[in-house]
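Okay, so here's the structure we're looking at.
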Amino acid sequence: ALWENRQLIDLALVPKGFLGLFCLLCGNAFIVGMNQIFDVDIDKINKPYLPMAAGEIGTKLGWFLVTVSGILGVSLVYLNFSPLIFWLFVLGTFLGIAYSIPPFRWKQNPIMAALSIATCRGFLLNFGVYYATAQALGVPFAWNPPVIFLTFFMSLFALVIAISKDLPDIEGDRQFNI
């Protein structure tokens, strides 16, 4: 949206852009944090360098950080962005935690795991950022060839990552029936 509307770029938009980036980081911290909390025993085998698995962050602090980042991200998106962006953020957050937490624990099903990651990291993230940027610039959203290509490419890229990212984790996943 920026490239197509360079004449509308205004430095006054920079704080909103950084706020959006901060919200995305909060959402990512929430999703990744939930995964570390629910997978701490698996991560002790597969990824012992992660903060919770390594014992650098305890369960109480982990829950505190996850709770704060989740509430902060959702609240800031709700207060500062359109309802569509809010619901995309909520959907992405749900897909991210459904991957890790019971009763969903989609990581146990390779198709659900890959689809949740590809949808969240591929489609929702790219469509959402493009839509929010177009909205900030005051231009209507339109599916055009660059948007379609980027969204499709990044969704496919995220799907490949989703399928291959757990290959090194076979030992711990096997021990915990994942």
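The values are calculated or read from the model by the stated rules, or taken from the named source; none is laboratory data. Model, not experiment: these values are computed from the prediction. Backbone-built Cβ (ideal geometry, glycine too); neighbour counts: all protein chains shown. The protein model used for the area step is the full one, side chains on, heavy atoms only, and it has no ligands, DNA or RNA in it. Shrake-Rupley method; radii C 1.70, N 1.55, O 1.52, S 1.80 Å.
Given a Förster radius of 45 Å and the C-beta distance between Phe141 and Glu171 as r, what FRET efficiency does 1/(1 + (r/R0)^6) yield to the nearest 0.05?
Working: r = 45 Å, r/R0 = 1.00.
Result of the calculation: an efficiency of 0.50.
Students often get this wrong: which residues of region 1-43 have the backbone nitrogen under 13 Å from the point 7 angstrom along Cα-to-C-beta of Ile148?
The answer is none, because no backbone nitrogen lies closer than 13 Å to the label point.
Using only DSSP helix segments of four residues or longer, with each worth -39500 (n - 2.57), what per-residue ellipticity at 222 nm results for the chain after dividing by its residue count and rounding to 500?
That comes out to -21500 deg cm²/dmol.
Can you give the angle from 0 to 90° between the axis of helix 59-80 and the longest principal axis of the chain, with both taken from C-alpha atoms, to the nearest 10?
Computed tilt is about 20 degrees.
Scale the Cα Rg of region 79-139 by the rule-of-thumb value 2.2 N^0.38 Å and send over the ratio, two decimals.
For region 79-139, the normalised Cα radius of gyration is 1.28.
Which lysines have a Cα lying under 30 Å from the Cα of Lys44, excluding residues fewer than 8 positions away in the same chain?
Qualifying lysines at Cα under 30 Å: Lys60, Lys107, Lys165.
Quick one: helix 83-98 against the long Cα principal axis of the chain, what's the angle to the nearest 10°, folded into 0 to 90?
Helix 83-98 and the main axis of the chain meet at about 20 degrees.
First compute the accessible area of region 1-82 with a 1.4 Å probe, then give the percent of it belonging to carbon and sulfur atoms.
Details: 3540 of 5040 Å².
Ligands and nucleic acids excluded, carbon and sulfur give 70 percent.
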